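Nothing in this text is a laboratory measurement; each read-out follows from the coordinates by a stated rule. Values in this document were obtained by computation on a predicted structure and should not be read as measured data. Note that each Cβ is placed from the backbone with ideal geometry, even for glycine, and that neighbours are counted across all protein chains shown.
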Amino acid sequence: PNGVFRYRGVYHLFMQASTEGLPGAKPDGVYWAHLASTDLARWKPLPPVLVPGRVGGSAATALKFFSGGATIVDGTPRLVFPAVFFPEGSQPCPQWNNETKPNMTACSADYYMATPADPSDPWLAAWSDP
């Protein structure tokens, strides 16, 4: 799991999963799945939170999301994670391999944060773009 917390009586679990077969996702990527439970025995799958190729708004597109964590700050849940973004309309940065590193001039690799789109929803079904 990337993050576990309890919020408004609901337990939340975030974990990395393969994007294979996930509509609108970058192939061969990893996204953050989201499960929730009120009793820790029965878990409800919720919409994915961080999906490469699907998140980013108008300024940039997510290329990769990595392992991160979850916490609650001043009563608001937050997901903190490293990611690589590339500017909209540009070529994606090449992927890393064991021998070389990509030319990062067109990419932004840093830590990002997502917060709930509706903090009043105890299931936290929607999240902000990073």
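Summary of computed values
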| quantity | calculated |
| --- | --- |
| Long-range HN-HN contacts of A125 with modeled amide H, under 5 Å | none |
| Distance in nm between pseudo-label sites at S67 and Y11 (7 Å out along the Cβ direction from Cα) | 2.1 |
| FRET efficiency for W43 and D110, using Cβ-Cβ distance with R0 set to 22 Å, rounded to 0.05 | 0.10 |
